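The values are calculated or read from the model by the stated rules, or taken from the named source; none is laboratory data. Everything numeric in this text was worked out from a predicted model, so none of it was measured. In this analysis, Cβ positions are derived from the backbone assuming ideal geometry, glycine residues included, and neighbour counts consider all displayed protein chains.
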Amino acid sequence: MTSAARAYVHGLVEENLGLAKGVIGSEELPADLVDLIASAVRGKTPREASSPQVEQKLNHFLLEVKRYSLERDGFFAWKARWPEARPFAACLTHDVDNIEHTRRHILATRRRFTARDLILGLLGLRSLYRNFGLVAGEEGRRGFRSSFFLLTSNYSLGDLLPSLTPLKENGWEFGLHGDFGTHDSLEKMREAVEKFQNATGSSPAGVREHYLRFDFEKTWQIMESFGFVYDTSVGARESLGFPLGFSTPFHPPTHDWSSMKILEIPLVLMDTTLWGYLKLQEEEGMHDVERMIEKVREVGGLFTLLWHQEAIRMRGGRLYPRILEKLASMECFVSSGVGVASWWESRSVPLVREGHEYRFAGNPPPGLRLHLEYSQGRKPRVDAGDLEVTQRGNLVKVNSGEFRLSVE
Ligand SMILES: [Zn+2]
């Protein structure tokens, strides 16, 4: 592996694990970890992983660094991945492929709906494929927000705008659903972005490609040049798994292994995989959703879910609320794409260790916690923060930029 690739991976590892700057040198990274990550971010994971193997490896490496630091220094602190040190996170997203279908289509697929929805749909009293309010209602009453990705060629954004504006004002995100061709053509992407801007008056922060089309040689570069904050297109379509081996966000590499500004939020599961590709029944589908949540929880990762806007009422409209209920019952940070991206960016404020003391080189975000371990006989001292002893170990709450943690 080249030294540029190694330096890139080093940055990614420090950010992902929340390590203090320079505590681990890039030459100290195990070669197999460097190889695994370098090939994953180039889209060359040797085989599609059924588990997030990059995070498994990273977590294993964290244990080694911790053991080594405790032996050498008698203490070790690192940033928690999620706000309030919640054990894992979920990112809720909806692609908006269609907002209406003909009566004929409704009749042909009538078994998907409840009797009530079907009658109201056929009478034209309820739109079965335009579910923004229904989605926001289900999410909002559980305190959640999500992202909708809008196509610019399939329906009129201008007509949709009046119903989307109140949602936007209340924290829901509207990003770009990249139309055909945008994943490998700068021109097509420019067209789509301009249409989006003209119709909505703002630039999209997030993007997801229609059909998850993606070219590792081109797509991130194209998105980067339009200033997207994040992409969430890289995921499996036809099967359940982790094609990148990642569930957590990362900054993709340029051709010469610099870190891009754009953040990739890997997609973990989409509804159409369950029904369209795997042909599952409702309960089997729910079971697989829970299984995937569990895999992500085990590594402290990010469960990014795509549930198509138009499909919310299908299967009687039961499944999406059940998934939300499941997440609400777990200790989980739930947010939209832009919510996750801004947390990840603000968390990347450098943690600096000098001698026995940790501090931040910048402003730590509210909700940031440090994990802390120390040997018997050591004494931690915290300024502008609080030490909390919890079931999951010592957590240090960070109150401001004046924060100091020292262990004597
Ligand atoms: Zn789509």
- Message: With the requirement that a residue be touching a strand residue (DSSP E or B) at 6+ places or on another chain (Cβ under 9 Å) and either closer than 19 Å to residue 65 by Cα or of a type in the set (D, E, K, R) (or both), what does segment 15-43 give you?
- Response: 15, 16, 17, 18, 19, 20, 21, 22, 23, 37, 42
- Message: Can you confirm whether residue 180 is assigned by TED's automatic domain parsing to the domain that holds residue 91 and under 16 Å from residue 309 (Cβ atoms)?
- Response: no
- Task: Report, by residue number, each residue of segment 207-246 that is hydroxyl-bearing (Ser, Thr, Tyr), under 21 Å from residue 51 (Cα atoms) and out of contact with any Pro (no Cβ under 8 Å at 6 or more places or on another chain).
- Result: 233, 239
- Would you be able to say whether some residue in segment 51-59 is closer than 30 Å to residue 377 by Cβ, in the same structural domain as residue 370 (by TED's automatic domain parsing) and more than 16 Å from the chain's Cα centre (by Cα)? yes
- Mind checking whether some residue in segment 159-169 is crowded, with 22+ Cβ neighbours inside 10 Å, in the same structural domain as residue 234 (by TED's automatic domain parsing) and not in a loop (DSSP other than H, G, I, E, B)? no
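Table: residues versus (1) at negative phi; (2) free of Cβ contacts under 8 Å to residues at least 60 places away in the same chain; (3) away from the ligand (no atom under 16 Å from the Cβ).
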| position | (1), (2), (3) |
| --- | --- |
| 290 | yes, yes, yes |
| 295 | yes, no, yes |
| 304 | yes, no, no |
| 314 | yes, no, no |
| 327 | yes, no, yes |
| 331 | yes, no, yes |
| 338 | yes, no, yes |
- Item | Pair list, Cβ < 6 Å and 6+ apart or interchain, from segment 114-143 residues that are without any contact (Cβ under 8 Å) to a residue 60 or more places away in the chain to residues that are in a helix (DSSP H, G or I) and of a type in the set (S, T, N, Q) | none
- Query: From the list 193, 268, 229, 207, which one is within 16 Å of the ligand (Cβ to nearest atom), of a type in the set (A, V, I, L, M) and not assigned by TED's automatic domain parsing to the domain that holds residue 38?
  - Reply: 207
